[in-house]
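Single-structure report; data block below.
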Amino acid sequence: MRLVHTLMLSASMLLAGCIAEEDKDKITNEQGVTVSDPTLALNGLWDGQFDQAGTLRVLIYNGNVYGLDENRGYYGTALLNNDNRTATLALTSYALSQNDTTAKQYVADGLSQEYSLNGLLYTVDASPQVVGDFENATATGSFVLTDDGTWPNNSALSLLAGKWTATGYELYVEPLSSKASFKGISTDSSGCTFEGDITLLDKNFALYAVALRERKNCPAFNETNASGYAVINTDGALELYLRKDTDLLFMTFAAPVSSTPVEPPTDTTTP
């Protein structure tokens, strides 16, 4: 009996190990959708268009999708079928209630509309692209997304230090031991302020996690306990993608100006 018990225990441990091995690459994303390793190939920042027009910016991370174009913000899920390399995005879009292109501050919380995107993931000249078709309640058409190359960049809290700026706004970031605290203010008399923390997700990739504790006295998105992501893009600017329920906030700030003195060029001309 002891031998049988030992064999059964060994078999149970082996089975548990197999299940753990099978599940180790599976992730449950923000919307409770389980994604596995192939979908992680979509992680990154993407630039694109609907019907070859306009400007669409998309962040995909572990099957979560945040997107922004001239009129709407988007949030939803992405999955990749590795057998045929087909990417499927199920998105809910919201009309922009704040569309400050000068300050690069955008809030989407208006009327919603569902979008379904189905495209092929392939690589051209080392640049991943997703090309396919979309449909919503009022239209059908095509779309293109191109990976902008930001994702493989390393991340570190030290890279966030300093005063980031946008027209009418300043964002102060102070790295600490395990996180970076930030405080944002408006430079006019509106009194808009926002604060929270930024933490590392994986130092090998560009993305950070953001917890927004409070935003108040702002033109829109005056929320507490919102969350999302931040990334330093290929231009060195800081992009933030934040969400509280069905409200979305997108912000972009220019990099801090270096405090290192610039030496004047040496005059080597002959008098």
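The values are calculated or read from the model by the stated rules, or taken from the named source; none is laboratory data. For clarity, every value in this text was computed on a predicted model and none was experimentally measured. Here the Cβ is made from the backbone with ideal geometry for all residues, glycine too, and neighbour counts use every protein chain on show. Just the protein is used for accessible areas: all its heavy atoms, side chains included, with ligands, DNA and RNA removed. Shrake-Rupley method; radii C 1.70, N 1.55, O 1.52, S 1.80 Å.
Put simply, the amide H of residue 205, placed in the peptide plane, has neighbours under 5 Å in 155, leaving out anything fewer than 5 places away on its chain.
Within a straight-line Cα-Cα reach of under 14 Å, residue 183 can be paired with the following aspartates and glutamates, leaving aside sequence neighbours fewer than 8 residues apart in one chain: 170, 174, 195, 197, 214. From the cross-link list 104/163; 104/203; 203/244, which pairs have alpha carbons spaced over 20 Å apart? Long pairs (Cα-Cα over 20 Å): 104/203; 203/244. Rolling a 1.4 angstrom probe over the stretch 78-179 with all protein chains present gives an accessible area of which 49% lies on carbon and sulfur atoms. Taking 7 Å steps out from each Cα toward its Cβ at residue 81 and residue 133 produces label points 1.4 nm apart. Going by Cα centres, the stretch 111-149 and the stretch 166-183 are how many Å apart? Here the two parts' Cα centres lie 33 Å apart. With a Förster radius of 22 Å applied to the beta-carbon distance between residue 204 and residue 235, the computed FRET efficiency rounds to 0.55. A crude spin-label estimate for the pair residue 211 and residue 225, with each label 7 Å from Cα along the Cβ direction, gives 1.2 nm. In order along the stretch 235-246, the Karplus-derived 3J(HN,Hα) couplings, from 6.51 cos²θ - 1.76 cosθ + 1.60 at θ = phi - 60°, round to 8, x, 7, 9, 9, 10, 10, 10, 8, 9, 6, 9 Hz, and Gly and Pro are given as x.
In terms of the Cα gyration tensor, with a ≥ b ≥ c the square roots of its eigenvalues, is the stretch 111-176 rounded because a/c is under 1.5, prolate because a/b exceeds b/c, or oblate? Mind showing how you got there, number by number?
On the way: a/c = 3.60, a/b = 1.67, b/c = 2.15.
Oblate, since a/c reaches 1.5 and b/c is not below a/b.
Accessible surface computed residue by residue for the stretch 134-239, with neighbouring protein chains in place and a 1.4 Å probe, gives 46 Å² per residue. In order along the stretch 199-207, the Karplus-derived 3J(HN,Hα) couplings, from 6.51 cos²θ - 1.76 cosθ + 1.60 at θ = phi - 60°, round to 10, 6, 9, 7, 4, 7, 10, 7, 7 Hz, and Gly and Pro are given as x.
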